[in-house]
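Read through the structure below, which is laid out as structure tokens, and then see the notes.
The values are calculated or read from the model by the stated rules, or taken from the named source; none is laboratory data. Just so you know, these numbers come straight off a predicted model, no measurement behind them. Cβ placement follows ideal geometry from the backbone for every residue including glycine, while neighbour counts extend to all protein chains displayed. Ligands, DNA and RNA are stripped out before the accessible areas are found, and what is left, the full protein with its side chains, is counted by its heavy atoms. Shrake-Rupley method; radii C 1.70, N 1.55, O 1.52, S 1.80 Å.
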Amino acid sequence: MISSKFYYRSPSDVQEAISLYQEFQGKAVYLSGGTDLIPRLKLGLQRPRAVIDLKRIRTLAEIDDKGEWVRIGALVRIFNLSQNELVAGFFPALKASLQATSCEALQMRGTIGGNLLQDTRCLFYNQSEFWRKSKGFCLKMGGESCNAVPGANVCFANYCSDNATALCTLAALIELAGPDGTRRLPLEDLYGGKAEKPFTSHEGEVLTAILIPKKKSHGGYEKLRLRGSIDYPLLALAFSVVDGTGKLAVGAVGARPYVAGVTQPFHETIEEALDAILRQLRLAANAVLDPAYRKRMIPVLARRLVKKVLGEER
Amino acid sequence: MERIKVAMQVNGEPSVLEVRPYETLLETLRDRMELTGAKEGCGMGACGSCTVLLDGIPTRSCIVLTAELDGAEVVTIEGLSDGTKLHTLQQSFMEKGAVQCGFCTPGMIMTAKGLLDRSLTPTREEIVRSISSNLCRCTGYKKIVEAVEAAAVPPAGDA
């Protein structure tokens, strides 16, 4: 049962959606597939005054070959995108991350835009209100300090999008439409590094599309999880090689995906890239696997991934 | 609070409802229409026991708002059998002993129906991938996969 009461609106274009957002004075949320949002509403993690459903905006659900770019509407379903020929032909890391997202049925409901804009997760946060109240509210709930690392005044929640990790290795841009017009920015700039409020997007902005340079890439994706059938990543690793240059991204290890460039010979420079990433990470005991183990698994999965990708190249 | 008018088809029957914006499809089916075949397990979209077909796609009804469904077609487990004659999948689940406590079964069958509707002869791997969207906590999935496999094979002489 959803205990919060809200209005429901289903605009037919993006401008109308933005106007509605303003009408509710920012106390509204945009809804696409709902696989992340509805559970959060059920837990009372968010109590909007209005839910603005974007699914009637058909133009948001299209995939276009723009020559130099592949433009993916934010409301394209994850399953449909994973079946797309352009994705299979040009972006193998993305195809692999799409297929590793949750389970097939949720891939058919969830959208790529919603997947990118999913909230950060923490064992101490994604709980019922009763559970959270008994512990006292954490930073992300508006409290004074972190519950995963008692006393800490930073949030350690993890951003668990499989596909953001892969898209960060493919130089993807995102397109945002808001009250002040439309803008494009690198996907990596969507993340501000604060786990309690991970995104830099402005109030009322709608993620309309993801744009990927249409260049053949080699790549892959590795995911650490307990259940192969479902689960958010406990570690997400993506590697893509475009025009002879590689990019490694590590996700589910904090507020954003961590990205590092890798040049040839890959099996050597990957170690430098890993060092650079590992130095920045501060994992907390807030996921179902121990942080020391998760950290140790990063190089293991990265080497495995690079080997796999290079094997395909030969 | 407002009510949203929703015209949808449920198991082939048109129905027009006025629902609260925060009512889920599962609540509409179970509490309003007395279609209690879809079960509430986790209520968070994880277990799949509330799966129904929404415009042909296996969907977790506990995380869909009924307000979203104006113009939609919903098929629940109750919509599968033709009067007293069971659907091939239902028959197959019985024959193969793919049911223990039965709580996950409606969801399993609707997920399988979604698969068979888009692929007449799925491979074992495709069946496993589809059915792994649904949790069964009684046992393994062996007999469930076998039941779907058997239902996918057209009866002899029918091909």
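Structure above, values below:
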{"quantity": "Karplus-derived HN-Hα couplings along segment A:159-164 (A = 6.51, B = -1.76, C = 1.60, θ = phi - 60°), whole Hz, x at Gly and Pro", "calculated": "8, 10, 7, 4, 7, 4"}
{"quantity": "Whole-Hz couplings from phi, Karplus 6.51/-1.76/1.60, listed for segment A:85-94; x for Gly and Pro", "calculated": "5, 4, 4, 5, x, 10, 10, x, 5, 5"}
{"quantity": "Coil-residue GluC sites (Glu not before Pro) of segment A:189-250, DSSP, other Cβ within 10 Å capped at 13", "calculated": "A:203"}
{"quantity": "Accessible solvent surface per residue of segment A:260-314, calculated while the other protein chains remain in place, 1.4 angstrom probe, Å²", "calculated": "59"}
{"quantity": "In sequence order, calculated HN-Hα J values of segment B:53-60 (Karplus, 6.51, -1.76, 1.60; Hz; x Gly/Pro)", "calculated": "8, 10, 6, x, 9, x, 9, 7"}
{"quantity": "Lysine-lysine proximity count for chain B, Cα under 30 Å, sequence distance 8 or more or distinct chains", "calculated": "16"}
{"quantity": "Amide hydrogen neighbours beyond the local backbone of residue B:11, cut-off 5 Å, H modeled", "calculated": "B:74, B:75, B:76"}
{"quantity": "Helix axis angle, B:142-152 relative to chain B longest principal axis, alpha carbon, degrees", "calculated": "90"}
{"quantity": "Pairwise burial B:A, computed as accessible area of each alone minus the pair, summed, 1.4 Å, Å²", "calculated": "2500"}
{"quantity": "Cα extents of the protein assembly as shown along the three principal axes, largest first (Å)", "calculated": "67, 55, 49"}
{"quantity": "Average accessible surface area per residue within segment B:1-132, 1.4 Å rolling probe, Å²", "calculated": "45"}
{"quantity": "Accessible area expressed per residue, segment A:1-105, with surrounding protein chains retained (probe 1.4 Å, Å²)", "calculated": "41"}
{"quantity": "Under-5 Å amide H pairs with residue B:51, H placed in peptide plane, nonlocal only", "calculated": "B:39, B:61, B:107"}
{"quantity": "Stretch in chain B that is longest and holds no GluC sites (Glu not before Pro) that DSSP places in a loop and that have at most 14 other beta carbons within 10 Å", "calculated": "B:35-159"}
{"quantity": "Residues losing 30 Å² or more accessible surface upon assembly, segment A:46-68, compared with the chain by itself, 1.4 Å", "calculated": "A:56"}
{"quantity": "Nitroxide proxy distance, nm - points 7 Å out along Cα→Cβ at residue A:27 and residue A:153", "calculated": "3.0"}
{"quantity": "Size of charge dipole - the protein assembly as shown - debye, nearest 20, with Cβ of Lys, Arg +1 and Asp, Glu -1, no other charges", "calculated": "1340"}
{"quantity": "Portion, in percent, of the accessible area of segment A:217-314 that falls on carbon or sulfur, probe 1.4 Å", "calculated": "50"}
{"quantity": "Student exercise, segment A:177-218 dipole from Lys, Arg, Asp, Glu Cβ charges, in Debye to nearest 20", "calculated": "400"}
{"quantity": "Sum of -39500 (n - 2.57) over DSSP H runs of 4+, divided by residues of chain A (222 nm, nearest 500)", "calculated": "-9000 deg cm²/dmol"}
{"quantity": "Ranked order, B:31, A:290, A:162 - accessible area, probe 1.4 Å, largest first", "calculated": "B:31, A:290, A:162"}
{"quantity": "Simple Cβ-charge dipole of segment B:1-122, Lys/Arg +1 and Asp/Glu -1, about Cα centre, in debye nearest 20", "calculated": "340"}
{"quantity": "Inter-site label distance for residue A:1 and residue B:44 at 7 Å from Cα along Cβ, in nm", "calculated": "1.9"}
{"quantity": "23 Å Cα-Cα threshold exceeded, pairs from A:223/A:247; A:66/A:307; A:135/A:223; A:95/A:308; A:5/A:133", "calculated": "A:66/A:307; A:135/A:223"}
{"quantity": "Heavy-atom accessible surface of segment A:85-174: percent carbon and sulfur, 1.4 Å", "calculated": "56"}
